[in-house]
Amino acid sequence: NAGAALALAGEAFTLADAQAPIERARAIKSPEEVKCVVSSLRATERAVEALRAALRPGLSENQLWSILHQGVIAADGDYVETRLLNSGPRGNPWFQEASPRVIQADELVLLDTDVVGRFGYYADFSRTFHAGPGRPSAAQRELYKTAHEQVHHNMALIRPGLTFREYSEGAWTIPERYFANRYYLSAHGVGMTGEYPYLYHRADFAEAGYDGVIEPGMTLCVESYIGQAGGAEGVKLEQQILVTETGVEPLSEFPFEEDLLA
């Protein structure tokens, strides 16, 4: 859950880490590094396209996830850091790895890429799919549209010169029914893995957050997990972006699901 994840994050990444020169230096990507990030993302997106095309009821989570892994390695990526693919009730709460569970008809399937891809650079975006063969339910669409709203509200906030505290204060307000299962971060840096800065929800800033400034050249991932505690399913979305001199540029181009936004 979010509380446990926050505790682990606090142990793994302290304020002293955030102030370390190497972490600060890695946060700003050179134009050549951005080219590596984009190359890694395009290769990973092709692997996710293959996974999306293969998705159907009757496959196990492990079988489906293996399609992503095969595509990443075939495109000269390094490895996949996690196996975060869940279906149906295993998608709530988030943070379970792929299992032998067989995907059932009309379930949601959640994926976080976490790919250390081409040239060693991270491709980190999340998508949620509908397994078919029917149409998504109203409840599934509500979860998806809520997660989509959170990601895009927070992306619109990000600009150079904004402090981490200001971002936290302006970030999307998580509805109470989804708060307990929130993703433990609102956004985070990314380069060759998950990196500084780590940007927290407003409610978590006093406990886990630290201040700093968003700068051009940072590559960030904007996160959302929406799932009610005890609910049947959940939705995970995440978008990887580049901070420019004037705002942000989306780096991950994999589309969102039109049938879940309808």
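Using the Cβ-Cβ distance between GLU245 and THR193 with R0 set to 25 Å, the FRET efficiency from 1/(1 + (r/R0)^6) comes to roughly 0.45. In a reduced charge model with +1 at each Lys and Arg Cβ and -1 at each Asp and Glu Cβ, the chain shows a dipole moment near 480 debye about its Cα centre. Per residue, the chain exposes an accessible area of 41 Å² to a 1.4 Å probe, with every protein chain left in place. About its Cα centre, the range 170-262 has a charge dipole of approximately 320 debye under the convention of +1 per Lys or Arg Cβ and -1 per Asp or Glu Cβ, with nothing else charged. Rounded to the nearest angstrom and listed largest first, the equivalent-ellipsoid semi-axes of the range 150-199 from its Cα gyration tensor are 19, 15, 9.
Please give the length that would be gained between ALA25 and ALA229 if that part of the chain were fully extended, namely 0.36 nm times their separation in residues minus their C-alpha to C-alpha distance (nm, one decimal).
Working it through step by step, the gained length comes to 69.6 nm.
In the calculated pair-distance distribution of the range 173-262, the portion above 17 angstrom amounts to 58 percent of the Cα-Cα pairs. Is the range 33-182 best put as rounded, prolate or oblate by its Cα gyration tensor, with a ≥ b ≥ c the root eigenvalues, rounded for a/c under 1.5, and otherwise prolate when a/b is larger than b/c, oblate when not? Oblate shape, in that a/c is at least 1.5 and b/c is the bigger or equal ratio.
Couplings 3J(HN,Hα) of the range 122-136, computed from phi: 7, 10, 10, 9, 10, 9, 10, 10, 9, 6, x, x, x, 9, x Hz, in residue order, whole Hz [Karplus 6.51 cos²θ - 1.76 cosθ + 1.60, θ = phi - 60°; x for Gly and Pro].
In loop segments of the range 93-176 as defined by DSSP, the GluC sites (Glu not before Pro) with at most 15 further C-beta atoms inside 10 Å of their C-beta are GLU97. Extension gain, GLU215 to ALA54, is 54.0 nm, computed as 0.36 nm per intervening residue step minus the present C-alpha separation. Estimated from the Cβ-Cβ distance and a Förster radius of 35 angstrom, the FRET efficiency linking GLU166 and PHE119 is about 0.60.
Counting only DSSP H runs of at least 4 residues, each contributing -39500 (n - 2.57), and dividing by the residue count of the chain, the helix-based mean residue ellipticity at 222 nm comes to -11000 deg cm²/dmol. Count neighbours as other Cβ atoms within 10 Å of each site's Cβ, and list the GluC sites (Glu not before Pro) in the range 221-262 that are DSSP loop with at most 13 such neighbours. Filter output for the range 221-262: GLU245, GLU253.
Placing unit charges on each Cβ (+1 for Lys and Arg, -1 for Asp and Glu) gives the chain a dipole about its Cα centre, and among GLY134, ALA47, ALA171 the Cα reaching farthest toward its positive end belongs to GLY134.
Quick one, which of (i) 125; (ii) 113; (iii) 141 is the actual volume of the Cα convex hull per residue in Å³ calculated for this model? The value matching this structure is (ii).
Let me know the shape class of the range 104-223, please: from the alpha-carbon gyration tensor, a ≥ b ≥ c as square roots of the eigenvalues, rounded when a/c is under 1.5, otherwise prolate if a/b is greater than b/c, or oblate. It is oblate, given that a/c is not under 1.5 and a/b is not larger than b/c.
Residues of the range 95-128 with an amide N closer than 20 Å to a point placed 7 Å from the Cα of ARG46 along the Cα-to-Cβ direction: 113-126. Rounded to the nearest 10 degrees, the angle from helix 2-12 to the longest Cα principal axis of the chain is 50 degrees.
The values are calculated or read from the model by the stated rules, or taken from the named source; none is laboratory data. Just so you know, these numbers come straight off a predicted model, no measurement behind them. Heads up, the Cβs are rebuilt from the backbone with ideal geometry, glycines too, and the neighbour counts pull from every protein chain shown. With ligands, DNA and RNA removed, areas are computed over all heavy atoms of the protein, side chains included. Shrake-Rupley method; radii C 1.70, N 1.55, O 1.52, S 1.80 Å.
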